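Scroll down for the structure; my scribbles are underneath it.
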Amino acid sequence: MKPSMFRIVMALSAVLTAAPQVYAHHGWSEYDSNKGFKLTGKVMESGYEHPHGYVRLQAEGKTWIAVLAPPFRMENRGLAKTAIAPGATVTVEGYPHRSKADEMRAERITADGKTVELR
C-alpha cells in the first residue's frame, strides 16, 4: 500500500471507530441553563453507569431524574457510589430539561456532607 493510501485508510478507520461514541452522546442544549434550581430529597434509584450516572430523587412531592457526570469523573472528584445509593438524602443543583418536566442536569451534588462539582 502506498504511503498516501495508508494515511487515508488510517484516517478513515479513526473516524469510523469514533463515530458511534460521538452519536451516542447528547448535547446539553436540551437543558435550560437560565433556570438553575436546587432539590433536596431521598434517592429512590441510582445508576453509576456510562455515559452519565443518574439519581431518581423524591423531592418536592414528585420524582425527579437528575443526570449526573460520567462515573470516572464522579470517582475522581470523590463521589463514592455508596453516597448516592437508594435511601440516601442528597441535594442536587442544576438546570431543568426543556421538555421533560421531571428531569434535570445536575451541576453539583451534595451527599454525605460533601459537595462535588460534576461539570
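Any read-out appearing in this document is the output of simple, stated calculations on the displayed coordinates, not a laboratory observation. From a predicted model like this one, the values you see are computed outputs, not experimental measurements. Glycine also receives a Cβ, built like all others from the backbone with ideal geometry; neighbour counts cover every protein chain displayed.
If only residues of the range 48-72 that are of a type in the set (Ser, Thr, Tyr) and either on the phi > 0 side of the Ramachandran plot or part of a strand (DSSP E or B) (or both) are counted, the one that is surrounded by the most Cβ atoms within 10 Å (Cβ to Cβ) is Tyr54. Is it the case that some residue within the range 79-88 is touching a strand residue (DSSP E or B) at 6+ places or on another chain (Cβ under 8 Å), assigned to a strand (DSSP E or B) and surrounded by 17 or more Cβ atoms within 10 Å (Cβ to Cβ)? Among the residues of the range 79-88, not one is touching a strand residue (DSSP E or B) at 6+ places or on another chain (Cβ under 8 Å), assigned to a strand (DSSP E or B) and surrounded by 17 or more Cβ atoms within 10 Å (Cβ to Cβ), which makes the answer no. The conditions of being touching a strand residue (DSSP E or B) at 6+ places or on another chain (Cβ under 8 Å), among the acidic types (Asp, Glu) and surrounded by 13 or more Cβ atoms within 10 Å (Cβ to Cβ) are met by Glu45.
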